[in-house]
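Colleague: Before I ask anything, let me first share the structure, which is written out below as C-alpha cells.
Please treat every number below as a calculation from the coordinates, not as lab data. These figures come from a predicted structure and were not determined experimentally. Reconstructed Cβ throughout: ideal geometry from the backbone, glycine too, with neighbour counts over all protein chains shown.
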Amino acid sequence: MAAIKNPAGQAVAPPTARFGGAARHLIQPWPYAGAIGNEARTPIEAGDGIYITDGDGRRLIDGPAGMWCVNLGHRREELARVMADQAMELSYNTPWYTMSDASAVLARRLAAHAPGDLDHVFFTTGGSSAVETALRFMQFYNNVRGRPEKKLILSRGGAYHGSTYLSASLNGRPRDRDWMDGADDLVVKLSCPDPFRRPAGMTLAAFTNFLVDEFRDTVERIGHERIGAFVAEPIQASGGVIVPPPGYLPRIRDLCRDNDILYISDEVVTAFGRLGEVFASGDVFGIEPDMITFAKGVTSGYFPLGGVMISARLTEELRRSNHPQAMFGHGYTYSSHPIGCAVALKNLDLLEDGVLDHARAVAPYFQARLRTLEDLPLVGEVRGAGLMACVECVADRESRNPLALDNAVGKRIDAHCHELGLLVRPLINMCVMSPPLVITRDQIDDMVAILREGISRTMDDLRREGLWQG
Ligand SMILES: Cc1ncc(COP(=O)(O)O)c(C=O)c1O
C-alpha cells in the first residue's frame, strides 16, 4: 500500500511497536481517510509547567498549551489534589435530579466574572457541546416565544466552533468541510474579519465599515425575523489568531440588539486568562453578549468541562412566557460534573491569586518578542493579543500570497522546532503560539529563539529544494 502523506508531503507515521502496537487501535481527531486506525502520533509522556516530554525523552516548550487549554501549566499539584479529594468525597452525581456544592458555587463565581446580566450557567462536557447547547437554547427560546421561524445562525469565514453536527456547521476555515456534511440550511456565512487579508488599498476603518455593512445588508436581505443568533469568537483562534479591526465587535453587537438577534460570544479559547481576564467579551472588547460559551482553560485542561453563560433577561423571558411547561430537552450525563467543577474552582482561585496578573504583565513582552520575527522574509505578519499569537508565512510579502508554499510551511517549521525543543501548532502556512499563562520572560526568549531558528532552517530547505526564492 502506498504511504499516506500529510499535506506537507511527509509520510503519516504508521503505528510502531511502542505500547505493543497499541496505537493501531486508536483513532485520533482529524485523521486522513487512508490512515484511520493506522497511524502513530508523537508520543507525549510527561508534562511539567510549560514543558512536555516526548517519547524520546526530549523536553519541549508546549507552544500551544495542549490545545489552548493548559492555562496554568502541567503538573499543578493543587489541581491534581483537588480532583483526587473531590473523587473521594463525591465522584459523580446525576444532574437530572441532584446537584453538587461545587457546581452551584462555580456557577455563582462565574456569574460574578461574566459581563452584564449573564448570571446563569449550563455546564457541558467541552467547547463543541457548549456551542451546541447555546444554539439549541436559542432554538428553544424562540420556540417558546412563538417565533419558530427565527432560527438561522450567522457565522463567519475563518471560524471554528466545534465538531458536533450543528457546531461544526458554523465552521468557516478552508478545508474543514471539504469532505464533511453540515446543517447548511441553518447557517449563513459572513466574511472573515481578517485585517491582514482585507482588500488591497482598503483602510482598516473602511474594512470595518465593509464588515458592518455586510452584516446589516444580510439581515435586511434575509429578514431579522428569520435570524436567531450570531456566533463569534472575539479573536478567531484556530482560524489563525485573527484579531478583528477596532470597533467591529461593538458595532455588530449593537446591530444584533437592534434586530433582536442573540449574540453568542464563543470564548472557548479567549476566556480564563488567555487575554488576561476571566472573560474577554466585556473586559477586553467592551461587549455584553447574550450568551458566552467557554471550555478548555476553565479547568486548564485537567478535566473535560465547558459551559454556556446565559443572560438573566432570556431566562426571565422564558419564566414569564405563555409556556412555562415547555421543556428544554437538553443535557449531558456529565453536565455539572463534581470533579470538573471542583477543579474549575481551584483553577479560578489560582487565576485570581496571581496568574491573571502575571498573564497581563508578560503579554506585551510576548507580543513584542514574537513580532521581532517579522524581519524574516518568509514571515508575512505576526499578530495576536494577550498570550495568543500567530506567525503567518507568505510566499511573497507584496502580494501576501500564502498559496505557493501552503501546507509545507507550518509542518516544516514544526518539525525543525521539535528538534530544537518547541512544540508548534502548525496551521497550514501559520504557526500558532498560545503557551501556558505561567510562562516567564526568559522562557518567552527561549521560545522565540527556537522559532526563529526553525523558520530560518525552513527557509533554507525551501530555497534548497527550489520551492521558494525569498
Ligand atoms: C472557539 C472554539 N469553540 C469551540 C471549540 C470546540 O471545543 P471542544 O474541542 O472542546 O469541543 C474550539 C476548539 O478548539 C474552539 O477553539
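Colleague: Among the lysines in the chain, how many pairs, 8 or more places apart or on different chains, have alpha carbons under 17 Å apart?
Modeller: Values: K5/K411; K150/K189; K151/K189; K296/K346.
Number of lysine pairs found: 4.
Colleague: Calculate the length of the line joining the C-alpha centroid of segment 341-365 to that of segment 194-258, in whole Å.
Modeller: 30 Å
Colleague: Continuing with the same structure: What is the sum of charges around V241, taking Lys and Arg as +1, Asp and Glu as -1, for the other residues whose C-beta is under 11 Å from the C-beta of V241? Write down the numbers at each step before the final one.
Modeller: On the way: positive: R274, R383, R425; negative: D194, E233, E381, E392.
Value of the local net charge: -1.
Colleague: Oh, and also: Would segment 186-338 count as rounded, prolate or oblate if I go by the C-alpha gyration tensor, calling it rounded below 1.5 in a/c and otherwise prolate when a/b exceeds b/c, oblate otherwise? Walk me through the numbers before you get to the answer.
Modeller: On the way: a/c = 2.24, a/b = 1.25, b/c = 1.79.
Oblate, because a/c is 1.5 or more while a/b does not exceed b/c.
Colleague: Let me ask something additional. Just add up the charged neighbours of R383: K/R +1, D/E -1, any other residue whose Cβ is under 12 Å from the Cβ of R383.
Modeller: Values: positive: R197, R371; negative: D194, E374, E381, E392.
Overall, the nearby charge balance is -2.
Colleague: Under a no-solvent Debye model with one identical scatterer per Cα of the chain, what's log10 I(q)/I(0) at q = 0.06, 0.10, 0.14 Å⁻¹?
Modeller: So the normalised log intensities are -0.27, -0.77, -1.50.
Colleague: Out of all DSSP beta bridges with both ends in the chain, state the antiparallel percent to the nearest 5. Kindly include the intermediate steps, with their values, before the conclusion.
Modeller: Details: 33 of 49 bridges.
Beta bridges within the chain, antiparallel portion: roughly 65 percent.
Colleague: Another question, if that's okay. Provide the per-residue ³J(HN,Hα) series for segment 449-462, in order, calculated from phi with Karplus coefficients 6.51, -1.76, 1.60 and θ = phi - 60°, each as a whole number of Hz, with x at glycine and proline positions.
Modeller: Each residue of segment 449-462 in turn: 5, 5, 4, 4, 5, x, 5, 4, 5, 5, 4, 4, 4, 5 Hz.
Colleague: Quick one: which of 121-134, 197-210 comes out on top by average Cβ neighbours within 10 Å, and what's the full order, highest first? Write out the running numbers ahead of the final one.
Modeller: Details: 121-134: 26.4, 197-210: 13.7.
Taking the mean over residues of other Cβ atoms within 10 Å, the ranking is 121-134, 197-210.
Colleague: Another question, then. Limiting things to C-alpha atoms, what are the Rg and the maximum Cα-Cα separation (Dmax) for segment 268-338, in angstroms?
Modeller: Looking at segment 268-338, its Cα Rg and Dmax stand at 14.8, 42 Å.
Colleague: Let me ask something additional. Over the chain, what is the relative contact order in whole percent, taking alpha-carbon pairs under 8 Å and six or more residues apart? Walk me through the numbers before you get to the answer.
Modeller: Values: 914 pairs, mean separation 93.4, N = 470.
Relative CO of the chain lands at 20 percent.
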